[in-house]
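Trainee: My structure is below; once you've seen it, I'll send some questions.
The values are calculated or read from the model by the stated rules, or taken from the named source; none is laboratory data. Source: prediction; values computed, not measured. FYI the Cβ positions are ideal-geometry reconstructions off the backbone, even for glycines, and counts take in every protein chain you see. Keep in mind that these areas ignore ligands, DNA and RNA; they rest on the heavy atoms of the full protein, side chains included. Shrake-Rupley method; radii C 1.70, N 1.55, O 1.52, S 1.80 Å.
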Amino acid sequence: TIDEYVFCDNKLTSLTIPASLKSGYASAGMIAVGAYSIAEGSNIKEVTFAEGTKKIPYRIFFNCSTLEKVNLPDSVELIGREAFAGCENLSDIIYNKDSDIKCYQDSFKDSGLAEKVPFKILEDSSETATYGDVNVDDDVTIADAVLLNKYLVDSATLSEQGMANADAYYDGRITSDD
């Protein structure tokens, strides 16, 4: 895992994030980070995500004003909410043009790419997910865990959005791991 703000106030200018950097998301190839930017207040200008990474997490480079270039592997499927929001100097993303990468409306908000996002933007609520919000009440609480457990033992049903939100491992299956 990488904790929030870990790269603040240091002299690193480039960063490679390996796909092996995981915590509980091994089957999905997700990178586990805190809820906020790892690089706000840093000097990082370029980041490379390693092959095997499927999802770029929520707010990973939020407000990293020095970030200029991002390198994405072919394995990336989704760029999380506000992942690069506020990266005002971000002007270059290197990726396979044949990739089917998706992002959210706010993935690049207030960034150098805000007006020219090259990826499919998810707008339909059925395509978006707030992972963990199984009961779809805009809050992740113990009630969501209880509902998920009931679903897993066939004593409750989930809405279509609840099913999308329940797949926290982003692997297309809903299991006790989620």
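Trainee: Just to verify a result, which residue in region 168-178, among those that are modelled with pLDDT of 80 or more and open to solvent by less than 50 Å² (accessible area, probe 1.4 Å), is farthest from ILE101 (Cα to Cα)?
Mentor: THR175
Trainee: Out of everything in region 76-106 that is among the acidic types (Asp, Glu) and modelled with pLDDT under 90, what residue ends up being farthest from GLY52 (Cα to Cα)?
Mentor: Among those residues, the one meeting the criterion is ASP106.
Trainee: Counting only residues that are modelled with pLDDT of 90 or more and open to solvent by 80 Å² or more (accessible area, probe 1.4 Å), how many does region 113-153 have?
Mentor: Going through region 113-153 one residue at a time, the tally reaches 4.
Trainee: Could you check region 67-112 for strands (runs of 3 or more DSSP E) lying wholly inside it with 2 or more residues that are crowded, with 20+ Cβ neighbours inside 10 Å?
Mentor: Output list reads 102-104.
Trainee: Restrict the check to region 72-91 and report whether at least one residue is among the hydroxyl-bearing types (Ser, Thr, Tyr), in contact (Cβ under 8 Å) with a residue 40 or more places away in the chain and more than 15 Å from LEU15 (Cα to Cα).
Mentor: Scanning region 72-91, I find at least one residue that is among the hydroxyl-bearing types (Ser, Thr, Tyr), in contact (Cβ under 8 Å) with a residue 40 or more places away in the chain and more than 15 Å from LEU15 (Cα to Cα), so the answer is yes.
Trainee: Restricting to region 48-69, name every residue that is within 19 Å of ASN10 (Cα to Cα) and among the hydrophobic types (A, V, I, L, M, F, W, C).
Mentor: Matches in region 48-69: ILE60, PHE61, PHE62, CYS64, LEU67.
Trainee: Which residues, counting only those in region 22-65, are at pLDDT 80 or above, farther than 18 Å from ILE93 by Cβ and in contact with a Gly (Cβ under 9 Å, 6 or more places away or on another chain)?
Mentor: GLU40, GLY52
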